[in-house]
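Here's the structure, in C-alpha cells; my notes come after.
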Amino acid sequence: MTKENNELDKQRIKGLIIKGFGKEEINKITNLDIKLIDEVTNGCIVDRGDTTKSAVDLYSELQKDLAKLVMLETNKDKRDAGVILNAIKLQAELQEKKLNLSKGSSSIPHISKNYIKKRDDEILEAKNSGATIEELTKTFDMSKSSINQALDRAQLELPDDLSDANPSLISETRGLPKEARITIIRKALKEGLDRSQIRAMSNTLKNETR
C-alpha cells in the first residue's frame, strides 16, 4: 500500500468515526485491515482533548471529497442529479456543523447522533419516494446492510426521551416488537449498557418468543 493510499484510508476511517460508527462496523463497511482501524480509532481517542479541531479538520476533508464527487458527476455524459444534489446538500450541512463547533455550541457525540438520525430520515424519505435499495446504496454511499439498518431505525420512530440513544444500540434490537425494543433501549440509556449487553438481552427475548 502506498503512503497516499494509506492516508486516504485513514481519512475514510476518521470520517466514519465522526459519523458514529464503531470499529466492527467500519471493518464491515470498508474491509480495511483491523489493525489500521484500531490505530486510527486509538489516535482519535488520544486526541479527544482537542476534539473540536479534529472534527473541523475531518469535516473539511469530507467537504473536499464531496466537491470531487460533484466535479466527477458533472463531467459525465449521463449525470445523476440526485447524487449531485445530495453531495451539495451534505457540503452545506458539514459547513454548518463546522460553524457550530467553532462557536462551542455542540459536542461531538451529539453531532454524530444527530447526523445519523437525520441521514436515516432522509434515507426513509427517499425510499418512500420510490428509490430502490440499490439506488439508496449509491446515493448515500452505504452498504445494503447499513441502508436496511437506517430504514429500520427511522421506521421505529422512537419517543423523544430516547433521542440520545446510540444508533448502533438501536440496531441491536432489530427483530423484536416495537414495545420490547423501546423497553430495552430505555433500559440501556438508564443503566449505560453497551452493545454486547443489548445484543444479549435482545437474543434472550427472541429465543423466548420462538
Inset, instruction - Give, in nm to one decimal, the length gained when the segment between Asp121 and Glu191 is fully stretched (0.36 nm per residue of separation minus the Cα-Cα distance). - result: 22.5 nm
Legend entry - Stretchable slack from Glu73 to Leu8, in nm (0.36 nm times residue separation minus alpha-carbon distance): 21.4 nm
Inset, instruction - For Glu208 and Asp38, calculate 0.36 nm times their separation in residues minus their Cα-Cα distance, and state this gained length in nm to one decimal. - result: 57.6 nm
Inset, instruction - With a Förster radius of 25 Å, plug the Cβ-Cβ distance of Lys28 and Leu162 into 1/(1 + (r/R0)^6) and report the FRET value to the nearest 0.05. - result: 0.50
Legend entry - Where labels lie 7 Å past Cα in the beta-carbon direction, separation of Asn114 and Leu85 in nm: 2.4 nm
Inset, instruction - Arrange the peptides 8-14, 170-176 so that the one whose residues have, on average, the most other Cβ atoms within 10 Å appears first. - result: 170-176, 8-14
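Holding the Cα-Cα limit at 20 Å, pick out from Lys68/Lys138; Lys28/Lys118; Lys144/Lys190; Lys28/Lys144 the pairs that are longer than that. Write down the numbers at each step before the final one.
Working: Lys68/Lys138 16 Å; Lys28/Lys118 22 Å; Lys144/Lys190 31 Å; Lys28/Lys144 11 Å.
Table pairs above 20 Å Cα-Cα are Lys28/Lys118; Lys144/Lys190.
The numbers here are math on the coordinates, done by the rules we state, and not lab data. Quantities reported herein were computed from a predicted structural model and do not represent experimental measurements. A quick note on method: Cβ atoms are made from the backbone with ideal geometry, for glycine too, and the neighbour counts reach across all protein chains shown.
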